[in-house]
Amino acid sequence: MAHTGSVSDIPGTSPSDTSGLPETVSELVEDLAGLTPSERLDLLQELADDLPSPPERVQGDPGFERVEECQSPVHVLARVEEGVVRLYVDAPPSAAATRALAAILHEAVDGAPPAQVLRLPADLPLRLGLDGTVSPLRLGGMAGMLARVQRQLAAA
C-alpha cells in the first residue's frame, strides 16, 4: 500500500538502502551516494532538463492528477500500455528540483512491469540520499507522486 503522509514519518528509512529496489533505481541510488553535493546538484539539473514532456495525445487527459504535496503545479498520469507502465508528468520548467525528482520517478517507473512499480517502497525518496541537497518538502512531493502513480495502477 502506498504511503500518503510525510516522508519524514516513514519508520525504518535508511538513505542509500537499495534492498528491494529494481536494478535501475538501485544503480541511481548508488551513483547519487558516490557524488559530492555539488555533483549531485549538477546531476539533478541534468535530470530536470531531461524529463520528457507529456505527448500531445495525453495532454488534457482527465486522468492527470494534481500532486497536492508538491508546491509547484505537478500532474501525473500512469497507464499500463502493452503490458508496461507509462508515466507522464507535467511539471513547470521553473521547478527544477521537482522536475529532477519526477525524472527519477520516471526512470524507476516508465517501462517497468506494473507489479514492480506497485512494490516500490514508500520510502524511496529518502533512500535517494538527497537530504541536504533537496528539501524535505520536495522529497514529500516525490512521495506524493509515487503514491498517486501506485494508486492509479492499482485501480487500472
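Coordinate-derived values only; no laboratory data. All values derive from a computational prediction rather than experimental measurement. Reconstructed Cβ throughout: ideal geometry from the backbone, glycine too, with neighbour counts over all protein chains shown.
Within region 26-140, antiparallel bridges make up roughly 90 percent of the DSSP beta bridges whose residues both belong there. The share of Cα pairs per 10 Å bin across region 25-90, counted from zero up to the longest distance, runs 17, 36, 34, 12, 0 percent. Across region 21-36, rounded Karplus estimates of 3J(HN,Hα) from the backbone phi angles (6.51 cos²θ - 1.76 cosθ + 1.60, θ = phi - 60°) give 9, x, 3, 4, 6, 4, 4, 5, 4, 5, 4, 4, 5, x, 9, 6 Hz, Gly and Pro being marked x.
Summarised in one figure, the compactness ratio Rg/Rh of region 21-60, Cα atoms and Kirkwood Rh, is 1.15.
So what is log10(I(q)/I(0)) for the chain at q = 0.16 1/Å, when the Debye sum runs over its Cα atoms only? The computed values of log10 I(q)/I(0) come out as -0.83.
Applied to region 120-128, the Karplus parametrisation 6.51 cos²θ - 1.76 cosθ + 1.60 on θ = phi - 60° returns per-residue 3J(HN,Hα) values of 4, x, 4, 8, 3, x, 6, 5, 5 Hz, with x for Gly and Pro.
Mind pulling the angle between the C-alpha long axis of helix 37-50 and the longest principal axis of the chain? Nearest 10 degrees, somewhere in 0 to 90. Helix 37-50 sits roughly 10 degrees off the main axis of the chain.
Between the residues 109, 78, 22, the greatest Cα displacement towards the positive end of the dipole of region 6-156, with unit charges on the Cβ of Lys, Arg, Asp and Glu, is found for 78.
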